[in-house]
Amino acid sequence: MINEDTIKLLRECDAGVKMGVDSINSVLDKVESKGFEKLLTDCKNAHSTLEDEIREKLNEFHDEGKSPNPIASGMSKAKTGVMMMASPSDQTVADLMTDGCNMGVKSLNKYLNQYKAADEVSKDIAKRLINLEEKLAVDIRSYL
């Protein structure tokens with residue numbers, strides 16, 4: 001039997017992982033430090049791997065998934081553009097990425113609490129995505 005909470009949690013993870021990849025892609029070419037670039041690239045690759053896993057689970061339920069909220073995505077792009085024009089630096093990128101990670105962690109934890117009846121596999125995916133976001137925020141602190 002298909003559990004609605006499972007599908008809803010997977011959809012939110014799908015949107016979140018896509019937002020993470022898009023955010024990293026929007027700043028990656030602006031990063032000067034090779035170490036910082038590697039951290040972002042590694043995180044993007046880990047997000048892409050999780051995205052494939054999420055897509056596979058959603059396909060089992062014949063679900064199309066979910067795209068990031070267009071308003072949130074637009075606001076993120078606008079903020080990135082303005083901040084990078086004002087101060088194009090690794091410090092600015094780290095600041096933007098830290099804010100994005102924190103928003104992702106907050107949202108995903110909210111959805112984990114909201115969709116308590118989701119299956120354990122889907123909860124594990126959400127937790128791994130949260131861990132990726134938390135780890136990136138910690139790893140890039142030296143660039144703030």
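Here the Karplus curve 6.51 cos²θ - 1.76 cosθ + 1.60, taken at θ = phi - 60°, turns the phi angles of the range 104-111 into couplings of x, 4, 4, 5, 5, 5, 4, 5 Hz, with x standing for Gly and Pro.
Counting only other residues whose beta carbon sits under 12 Å from that of residue 49, what net charge do I get with K and R as +1, D and E as -1? Local net charge: -2.
Look at the dipole of the chain built from charges on Cβ: of 23, 81, 115, the Cα furthest out on the positive end belongs to 81.
In loop segments of the range 29-138 as defined by DSSP, the trypsin sites (Lys or Arg not before Pro) with at most 11 further C-beta atoms inside 10 Å of their C-beta are 116.
Pairs to check: 38/116; 30/57; 77/106. Give those whose C-alpha atoms are more than 25 Å from each other in this structure. As for pairs spanning more than 25 Å Cα to Cα, those are 38/116; 30/57. Coordinate range of the alpha-carbon atoms in the range 9-74 per principal axis, descending: 42, 25, 14 Å. Entry for the chain at q = 0.19, 0.21 Å⁻¹: log10 I(q)/I(0) = -1.06, -1.24, Debye formula applied to identical alpha-carbon scatterers, no solvent contribution. The range 19-82 and the range 102-144 have their alpha-carbon centroids 14 Å apart. Each residue of the range 50-56 was assigned a 3J(HN,Hα) from its phi angle through the Karplus curve 6.51 cos²θ - 1.76 cosθ + 1.60 (θ = phi - 60°); the sequence is 5, 4, 4, 5, 4, 4, 4 Hz, with glycine and proline shown as x.
No value in this document is a laboratory result; all are computed from the given coordinates. Given the structure is predicted, the values throughout are model-derived calculations rather than measurements. Glycine gets a Cβ as well: all are built from the backbone with ideal geometry, and neighbour counts include every protein chain shown.
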